[in-house]
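Working notes, structure below.
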Amino acid sequence: MMRLPLSVPQANVSPSTLRTLFLSFLAVLMAGLVASVPARAQSQPDISGIIAKFGNDSYSDTTDAVAALATSGSPQAAAVVEALAAGNLLYDPATKAVFIRTPSGMVDPATGAIVGSAPANLSPVRANNRVRRALDAAAGALTLLNADPAKRLDAAAAVFKSRDVAALPTVEAAIAKETVPAVKAALAQARAAILIGKADAPEPDRRAAIQLIAARGDQESISLLRSLPANSPPALKAAAEAGIMKAEESLKFWAVVQNVWYGLSLGSVLLLAAIGLAITFGVMGVINMAHGEMVMLGAYTTFVVQELIRQKAPYLFDWSLTIALPLAFLFTALVGILIERTVIRFLYGRPLETLLATWGVSLILQQAVRSVFGPTNQEVGAPSWMSGAFQIGQLSITYNRLWIICFALIVFFTLLLVLRRTPLGLYVRAVTQNRRMAAAMGIRTGRIDALTFGLGSGIAGIAGVALSQIDNVSPNLGQGYIIDSFMVVVFGGVGNLWGTLVGAFTLGVANKLLEPFAGAVLGKILLLVFIILFIQKRPRGLFALKGRAVES
């Protein structure tokens, strides 16, 4: 086998050509190095001139320096703004040198480097309202490009309130980069707020800004449109007036929606307070004036549970209401059974006497609670999952009210399931429809009365757990709901749970819609008059029970 020689072809290159290639390579390398120097300088801008203005002890210079920092792009800008807001930006009156006071020593605000020795007679850079507004705007502008969307949203809101013209370039740059729709809308509103008062901005841009702010439809937008400069063109003034009218109409609509929400919230409270009363009143015909005190006992059970958790196991505080619910139900149910076995069982068939007797029981329970816990309000905290609120348009929804509405509906449907699908519910419905026939069929009506009264009292107890989150926990807590509870039960239909549900939400919404026009007291009086007239027309309420006993 013949082996071929391995060789590399040799190119004939002259020395002059090699020299030319080498010089070209050096030229390209030097050009790259020269181009990179300005880039580095641009990424680390020199803000020493801006910092020097803080040493002039002039509010005007300080305001200008803050605005310049917001658009400087320097990584030190945020630290300087925070130091000025906290009173840690100091200057030397003699040399006008500026320093930032930190726990580790004095820092050069332009570079962030720790200063070895600083003068002893330093004074803080002063700030007035104008400087503070500039600080708010700068803080907002510096966080407009933050990686956290929540911080960008807060920054947009800060710029919207300050309307600082110096933040406009940063806002526009942030809009171009923004990908989150909610944040981008907030940034657009911040830009519009700035453009409305910017006299040298193009008129079409200002008109578009007015329309965008008017579409926001809240009180801040109205105030912003009314602050349009007096020397603005007539077309812009007309657009602002139209925007104000549009925003006011939007506010009226959302005010009605907010009142409806408040009415639903009140209706859920009335439902919780009245649902137990609907059972006891409907089954036994007992006018239980102590029902409000069952609500009060449930609230105090929550207070006791939270106090024990605070002392023994603070890490369980978010579970305090979950723990209090079954305890409040059991405790108030046992108290209700005790009241029924010792007082009410001897007064069946005499409703007026049950009214007087249970009223006396309510006074005894109130005084007992005053003796144990005192007459003052007790503090019941809210778990973290019930704190805070969120917005839907101009509708503000608090988590505690939302949870109470959900809880009231859960209690309602659970009770409905118990009455429809359990032996106890079957016996209760039988006694409700015809007590004597139920007794003849072997149902122990006395035992059913006690269990029913206990069930109604237990539900009042868990209503107290919910009410402890929105009302003062005091011995008089139940008194504020007993009359309204009776109104709900009578209006909806005695003993009918669906009637109680409809009656509670109807009266709650009607009450809140009447309050803006008639006031809280007159609104309740008008509702009471309406219910009296309604009962004259329909004595059994909206949904009357069916049965031989109730029809006779």
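First check a/c for the stretch 117-259, with a ≥ b ≥ c the square roots of the eigenvalues of its C-alpha gyration tensor; if it is under 1.5, answer rounded, and if not, answer prolate when a/b is larger than b/c or oblate otherwise.
Note, shape of the stretch 117-259 comes out prolate.
Which distance in nm do the two modelled labels at Lys537 and Ala215 give, with both placed 7 Å along the Cα-to-Cβ direction?
Roughly 4.5 nm, to one decimal.
Go ahead and run the numbers for FRET between Ile114 and Ala150, Cβ-Cβ distance against an R0 of 45 Å, rounding to 0.05.
In this case the efficiency is close to 0.90.
Using a Förster distance of 30 Å, how high is the FRET efficiency between Gln311 and Gln391, based on the Cβ-Cβ distance and rounded to 0.05?
That gives a FRET efficiency of 0.20.
What angle, in degrees between 0 and 90 and rounded to the nearest 10, separates the Cα long axis of helix 479-492 from the longest principal axis of the Cα atoms of the chain?
70 degrees
Considering only protein heavy atoms and a 1.4 Å probe, what is the carbon-and-sulfur percentage of the accessible area of the chain?
64 percent
Take Val372 and Ala86, extend 7 Å from each Cα along the Cα→Cβ direction, and tell me the distance between the two endpoints in nm.
So the two model labels end up 4.9 nm from each other.
Which entries in the list Lys151/Lys198; Lys512/Lys537; Lys96/Lys184; Lys161/Lys237; Lys184/Lys252; Lys151/Lys312 go over 31 Å, if you measure between the two C-alpha atoms of each?
Pairs exceeding 31 Å: Lys96/Lys184; Lys151/Lys312.
Mean residue ellipticity at 222 nm from the helices of the chain, using -39,500 (n - 2.57) per DSSP H segment of n ≥ 4 over the full residue count, to the nearest 500 deg cm²/dmol?
-22500 deg cm²/dmol, from helical runs alone.
Cα axis of helix 181-196 to longest principal axis of the chain: angle in degrees, 0 to 90, nearest 10?
Rounded to the nearest ten degrees, it is 70.
Length gain on complete extension for the stretch Arg350 to Trp319, per 0.36 nm per residue less the alpha carbon to alpha carbon distance?
This chain segment gains 6.8 nm when fully extended.
For the stretch 295-380, what does the accessible surface come to per residue with a 1.4 Å probe? Please give it in Å².
Solvent-accessible surface per residue comes out at 56 Å².
What percentage of all Cα-Cα pairs in the stretch 207-360 are separated by more than 29 Å?
Of all Cα-Cα distances in the stretch 207-360, 54 percent exceed 29 Å.
Accessible surface of Trp359 in the full protein assembly, 1.4 angstrom probe, to the nearest 10 Å²?
130 Å²
About the Cα centre of the chain, what is the dipole size in debye to 20, counting +1 per Lys and Arg Cβ and -1 per Asp and Glu Cβ, all else neutral?
1740 debye
Modelled label-to-label distance, Lys177 and Phe413, 7 Å Cα→beta-carbon offset: nm?
Inter-label distance under the simple model: 4.7 nm.
Angle between the Cα long axis of helix 497-518 and the longest principal axis of the chain, 0 to 90 degrees, nearest 10?
60 degrees
Evaluate the Debye formula for the stretch 315-411 with equal point scatterers sitting on the alpha carbons, no solvent, and hand back log10 of I(q)/I(0) at q = 0.12, 0.15, 0.25 Å⁻¹, in q order, two decimals.
-0.67, -0.90, -1.27
What does the net charge come to around Leu347 if you take all other residues with beta carbon closer than 13 Å to its beta carbon, with K and R at +1 and D and E at -1?
0
Just the accessible area per residue of the stretch 184-260, please: how many Å² with a 1.4 Å probe?
50 Å²
The values are calculated or read from the model by the stated rules, or taken from the named source; none is laboratory data. As the structure is a prediction and not an experimental result, all values here were calculated from the model. Here Cβ is always computed from backbone atoms with ideal geometry, including for glycine, and neighbour counts include all displayed protein chains. Only protein heavy atoms, including side chains, enter the accessible area calculation; ligands, DNA and RNA are left aside. Shrake-Rupley method; radii C 1.70, N 1.55, O 1.52, S 1.80 Å.
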